Amino acid sequence: MAAAALMATSCGLGATGGTTTNQTTSGTGASTGSVLGSILGAATNGQTVGNVLQSVLGLDKLTQQSLVGSWTYLQPGCAFTSKNLLAQAGGEAAATAIKQELAGYFQTAGIKQSNTSIVFAQDGTFKATIAGKPWQGTYTFDPATYKVTMKGLLLSINCYAKKNSNGIALLFEGTKLLTLMQTLASLSGNKTAQTIGDLSKNYDGLRVGFDFQ
């Protein structure tokens with residue numbers, strides 16, 4: 001259960017162009033474009049935008065105080081950078097399908113509730129564990145862009161926070177998430193991790209990461 005005193009709210013990026021699909025072959029033996037193309041193609045059939053607050057960055061306001069607390073990994077997270085992109089992808093059904101696809105990748109990478117969590121302290125420090133690998137340092141929050149910058153000994157990386165119904169999400173560009181996972185969990189040769197890193201290459205305006213509660 002999240003120990004935060006306040007529920008976090010949505011964080012965002014500016015809208016980008018429409019979704020695109022590349023047929024870049026990932027290490028899994030099938031193109032990432034084909035995998036997610038099938039997901040999004042199925043979702044667009046008769047679907048409309050559902051609960052956009054759950055799948056679009058930047059629709060709610062966020063303060064640094066909202067992040068403070070102890071958060072436990074719940075499931076993979078994803079969001080689009082605008083309502084238009086979400087609509088083009090097929091609405092809430094597309095976001096749900098992408099999360100389900102990511103769940104298999106995350107499981108292979110060893111990410112689960114028992115070994116993945118993060119604590120944001122009031123003093124601007126954080127302590128995280130990703131797939132059992134510790135990472136700590138300092139963080140800053142930009143209220144204009146909802147960007148969270150985390151700096152530690154291993155690496156420094158940016159992500160964006162978003163409100164969920166029962167917690168927060170920390171979401172990255174696909175390549176940034178790949179960098180985080182490779183650095184903390186020694187996944188440089190993991191083909192599944194490479195597929196995760198390819199997501200944003202194949203779909204403009206998609207951010208992926210972790211849902212926390």
- Note on the structure: Expressed in square angstrom to the nearest 10, the accessible area of residue 140 with a 1.4 Å probe stands at 80
- Determine one quarter of the surface area of the Cα convex hull of the range 101-190, which equals its mean projected area, and express it in nm² to one decimal. 6.3
- Query: Using a 1.4 angstrom probe with every protein chain in place, what is the largest-first accessible-area order of 68, 119?
  - Reply: 119, 68
- Using packing as a proxy for protection, rank 144-154, 97-107 so that the peptide with the highest average count of other Cβ atoms within 10 Å comes first. 97-107, 144-154
- Query: Which value, in Å² rounded to 10, gives the accessible area of residue 114 with a 1.4 Å probe and all protein chains present?
  - Reply: 100
- Message: For a test of the definition: using alpha carbon positions, the gyration tensor, and the 1.5 limit on a/c, classify the range 81-133 as rounded, prolate or oblate.
- Response: oblate
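If you rank 211, 142, 123 by how much accessible surface each has, with a 1.4 Å probe, what is the order from largest down? Write out the running numbers ahead of the final one.
Numbers: 211 5, 142 60, 123 115 Å².
Sorted by accessible area, descending: 123, 142, 211.
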- With a Förster distance of 22 angstrom and the Cβ-Cβ distance between residue 145 and residue 166, calculated FRET efficiency to the nearest 0.05 equals 0.35
- Among 133/176; 61/151; 61/133; 83/163; 61/99, the pairs whose Cα-Cα distance exceeds 20 Å are 61/151; 61/133; 61/99
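The values are calculated or read from the model by the stated rules, or taken from the named source; none is laboratory data. Values in this document were obtained by computation on a predicted structure and should not be read as measured data. FYI the Cβ positions are ideal-geometry reconstructions off the backbone, even for glycines, and counts take in every protein chain you see. Accessible surface is based on the protein model in full, side chains and every heavy atom, while ligands, DNA and RNA are left aside. Shrake-Rupley method; radii C 1.70, N 1.55, O 1.52, S 1.80 Å.
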